[in-house]
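The next block holds one structure in the form of structure tokens; read it before the comments.
Bear in mind these aren't lab numbers, they're just calculated from the coordinates by the rules spelled out. Note that the coordinates shown come from a computational prediction; the quantities given were computed from them, not determined experimentally. No Cβ is skipped: glycine too gets one built from the backbone with ideal geometry, and neighbour counts run over all protein chains shown.
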Amino acid sequence: MHELSIAKNIIRIAGEHLSPDEQALLTKIRVRIGKFSTIVPDLLQSGFEAAVDGTAMENAKLEITVIPLRVQCNSCGEVSEIEPVDFTCPVCCSNDVDVVEGNEIMIENLEITEPINH
Amino acid sequence: MSIKTIERKVLQKNDEVANQNRSFFDKQGIFALNLVSSPGSGKTSLLEWTLKELEGRVKTAVVIGDVQTSLDAERLSSFDLPIIQLVTNGSCHLEAALVKDALADINPEETELLFIENVGNLVCPSSFDLGEEMKVVISSTVEGDDKPLKYPAMFRNSKVLIINKTDLLPYTNCDLDQLRTNALKINPDLTIFETSCVSGEGVDDWCNWLEKQVMEKTWKNVSA
């Protein structure tokens, strides 16, 4: 249940990158969450909604892209998508594999609407 | 509409402080371990046996993280070494900044080995680097043999697995071979120890290994 703490970090980082005017116009925060990162996307989503409420960025939505777990085999060199229950290369069955994707908890970009000029 | 590209790790701030902790450990020649497990697997009991076994052999300090209370620190208070209790006040894991604050209370000249006992939790602590040399995951026989499959990130991110409460094995459905197989399926590089904190069986193997790691770290520090 550290999703709330992750959500608070996302909001802090977004705030650091935006002026107060931009914060009010923020509509979307895009993040990439690896399948092997121990973050549950649904819990991150509700954590974010709770944490952003009442802040200058409360109109912002969180868009989560889940990144599959991929390993590169040190024997045959192939990169394969695996489930996190068996760290074996599906091509050659070697267990000498390195995780190349699926650990990330990354904030990708911020989407801001243009201010309405009266 | 405009897009502001950030491409930044959400936990970058924690990682930066963890790297400061790591530099501190490297500079001072301190071998730091992050002990992780579910609640009740015997982290504190194992520490009691370990501290007893290493008394007079390795200069040790302990940082203990708990959601509430200083009960664990009180349990270890009979040992003549620095025991620092961290209370997270609800948070399910230790973060690097908390550990950094605790480091102010240890004398690096008098420390070769630092145990950081994390909050009992097999999920969240795996995401937070504390600057440790390695994570040591403890899984007790009463938890069954499928924990590595259920909590793969923790077992994949650890270097050592200690299978604790081997004395209770006859009273459980835990198949020790299956537990090892499951753990090695997730992480074939795991070094595995088996311990009982009732009889003390296996504690000497673990402590001998630990002492060797500490000596290597100290030696690396001296030769650098």
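The table that follows gives values for the structure above.
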read-out	value
The one condition in (1) within 8 Å of another protein chain (Cβ to nearest Cβ); (2) surrounded by fewer than 13 Cβ atoms within 10 Å (Cβ to Cβ); (3) closer than 16 Å to B:A153 by Cα; (4) not basic (K, R) that A:D98 fails to fulfil	(1)
Odd one out for B:S45 among (1) farther than 20 Å from B:N164 by Cβ; (2) away from chain A (no Cβ under 14 Å)	(1)
Test set (1) under 26 Å from B:E53 (Cα atoms); (2) of a type outside the set (D, E, K, R); (3) over 12 Å from the mean Cα position of the chain (by Cα); (4) crowded, with 16+ Cβ neighbours inside 10 Å - B:T88 fails condition number	(1)
One residue from B:E74, B:E55, B:E7 being acidic (D, E), farther than 21 Å from B:M134 by Cβ, free of Cβ contacts under 8 Å to residues at least 40 places away in the same chain and within 14 Å of another protein chain (Cβ to nearest Cβ)	B:E7
Those helices (runs of 4 or more DSSP H) lying entirely in the range A:1-84 with at least 3 residues surrounded by 16 or more Cβ atoms within 10 Å (Cβ to Cβ) and in contact with a helix residue (DSSP H, G or I) (Cβ under 7 Å, 6 or more places away or on another chain)	A:3-16, A:41-52
Hits in the range B:26-48 (condition: within 15 Å of the chain's Cα centre (by Cα) and either in a helix (DSSP H, G or I) or closer than 20 Å to B:D105 by Cβ (or both))	B:I30, B:F31, B:A32, B:L33, B:N34, B:L35, B:K43, B:T44, B:S45, B:L46, B:L47, B:E48
Test for B:C207: is it away from chain A (no Cβ under 11 Å) and buried (at least 21 other Cβ atoms within 10 Å of the Cβ)	no
